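No value in this document is a laboratory result; all are computed from the given coordinates. A quick note: this is a predicted structure, and the numbers were derived from the prediction, not measured. Cβ: placed from backbone, ideal geometry, glycine included. Neighbour counts: every protein chain shown.
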Amino acid sequence: MILNHRGHRDCTEKKSDQDFSVKASLIPVESLMSIIFYDGVCGLCNTLVQFLIKRDKRGALRFASLQSDFAAQVLGGHGIDPTDLDTVQVVVNYEQPDERVLNRSDAILRACSELGRFWKAAAALGQVVPRPLRNLVYGLVARNRYQVFGKYETCMLPEPNQRDRFL
């Protein structure tokens, strides 16, 4: 693993397909409900990941940088360009027959719905807002996230107790 002077890793570090399948096979299938693909160098996205990890008591969420080979493999299989860093992508039911990908506000609401009763209710309430309006707000935030929340040169390295949550 390549680290820079701030403890961040290179998002584009190459891993073999075997690395992904071995790591994924170690995770119980019931835990693979959702994988959050996020912009690994975005300050807001990294804050979102930490927010989700802290509140995901069941450990149902897994995370991967959009800049990773794993993102290219999984999202590419759905015809999605992983180089589009302006949206969080959530893969629901990973490696199951009904696997699908959600993006923009739908992805955020799905991730929140995995966190427990309060957040599930908040996500359901968010669904009441029409998708075009939700995505308009999402797009505004996405376009300005680097200016407001900053941008890292490399992906942040997860804490040792969180590393098993990252693919």
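Just to check I understand the Karplus step: with θ = phi - 60° and J = 6.51 cos²θ - 1.76 cosθ + 1.60, what whole-Hz values come out for the range 69-77, glycine and proline as x?
Ordered by residue, 3J(HN,Hα) equals 5, 4, 4, 4, 5, 6, 5, x, x Hz.
Given H placed on each backbone N at 1.01 Å, which residues far from CYS155 in sequence or on other chains put an amide H within less than 5 Å of it?
Amide H to amide H, under 5 Å and 5 or more residues apart or across chains, CYS155 pairs with ARG9, CYS11.
Using a/c under 1.5 as the rounded threshold, could you call the range 91-167 rounded, prolate or oblate? The axes a ≥ b ≥ c are square roots of the C-alpha gyration tensor eigenvalues, and prolate needs a/b larger than b/c, oblate otherwise. Kindly include the intermediate steps, with their values, before the conclusion.
On the way: a/c = 1.71, a/b = 1.10, b/c = 1.56.
In terms of gyration-tensor shape, oblate.
List every residue whose amide H lies under 5 Å from the amide H of CYS42, counting only residues 5 or more places away in sequence or on a different chain, with H placed 1.01 Å from N in the peptide plane.
TYR152
Provide the per-residue ³J(HN,Hα) series for the range 137-152, in order, calculated from phi with Karplus coefficients 6.51, -1.76, 1.60 and θ = phi - 60°, each as a whole number of Hz, with x at glycine and proline positions.
5, 4, x, 4, 5, 4, 5, 10, 5, 5, 5, 8, 10, x, 9, 8
With r defined as the distance between the Cβ atoms of LYS120 and VAL148 and R0 fixed at 35 Å, what FRET efficiency is calculated, to the nearest 0.05?
Values: r = 28 Å, r/R0 = 0.80.
According to the calculation, E is roughly 0.80.
Under a 5 Å amide H to amide H cut-off, with H placed in plane at 1.01 Å, what residues pair with PHE166 once short-range neighbours are removed?
Amide H neighbours of PHE166, under 5 Å, 5+ apart: PHE63.
In whole Hz and in residue order, list the ³J(HN,Hα) couplings for the range 122-128 that follow from phi through the Karplus curve 6.51 cos²θ - 1.76 cosθ + 1.60, θ = phi - 60°; x for Gly and Pro.
Computed from phi, the couplings for the range 122-128 are 4, 5, 4, 5, x, 5, 5 Hz.
ASP98 to ASP81: extension gain in nm, 0.36 nm per residue of separation minus the Cα-Cα distance?
Values: separation 17, 0.36 × 17 = 6.12 nm, distance 2.03 nm.
So the chain would gain 4.1 nm between ASP98 and ASP81.
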